1. Between HIS78 and PHE30, what is the FRET efficiency for a Förster distance of 30 Å, r being their Cβ-Cβ separation, to the nearest 0.05?
2. By a straight-distance test (C-alpha under 13 Å), which aspartates and glutamates pair with LYS114 as possible cross-link partners, with residues fewer than eight away in the same chain excluded?
3. Contact order normalised by length for the range 43-117, with contacts defined as Cα pairs under 8 Å and 6 or more residues apart; what percent is it?
4. May I ask you to list the trypsin sites (Lys or Arg not before Pro) in the range 78-118 that are in a DSSP loop and have at most 11 other Cβ atoms within 10 Å of their Cβ?
5. With N residues in the range 28-91, what two-decimal value do you get for its Cα radius of gyration over 2.2 N^0.38 Å?
6. Work out the FRET efficiency for GLU67 and ASP107 from their Cβ-Cβ distance, taking R0 = 22 Å, and round it to the nearest 0.05.
Amino acid sequence: MAVAKTSVKSAGTKTAVSRPKSLRGAEQRFNQARKASILLKHVSDPTRLQVILILADGERHVGALCEQLSQSQPAVSHHLALLRHGGIIAPRRQGKNNFYSLTESGDGLARVVKNLIS
């Protein structure tokens, strides 16, 4: 059985702890699931999913998003902030205007959403 060695701090001292390879795999799966859970929480709203689908067609100005979503600028900005903090969209500032586009993660999410609804 393969064993991984890692250091663990215990009361200010370092000790070597051996973990079987199967535990490392379980930790990796847990970390992947945790990251996916956080990402899915960011998109667990119909408006945010609409934003992702709109941006899948290309970069948009905040005003255009407000118009397409039929929502106020503060409401759309709230959703954009959550998506931005989740690493799903990226802003680009041009003068006083903000434009948004999907990140690589956002592109992947858009493909998943499109596959789910088609």
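1. Working: r = 31 Å, r/R0 = 1.02.
Efficiency at R0 = 30 Å is approximately 0.45.
2. Of all the aspartates and glutamates, those that pass the test against LYS114 - Cα under 13 Å, at least 8 places apart if same chain - are ASP57.
3. Details: 78 pairs, mean separation 26.7, N = 75.
Over the range 43-117, the number comes to 36 percent.
4. Working: sites: ARG84, ARG92, ARG93, LYS96, ARG111, LYS114; in loops: LYS96.
Answer in residue order: LYS96.
5. On the way: Rg = 12.8 Å, N = 64, 2.2 N^0.38 = 10.7 Å.
That ratio works out to 1.19.
6. Working: r = 23 Å, r/R0 = 1.05.
After rounding, the FRET efficiency stands at 0.40.
Every number here is computed from the coordinates shown, using simple stated rules; none is lab data. No experiment lies behind these values; they were computed from the predicted model shown. Note that we place each Cβ from the backbone using ideal geometry, even for glycine, and neighbour counts take in every protein chain shown.
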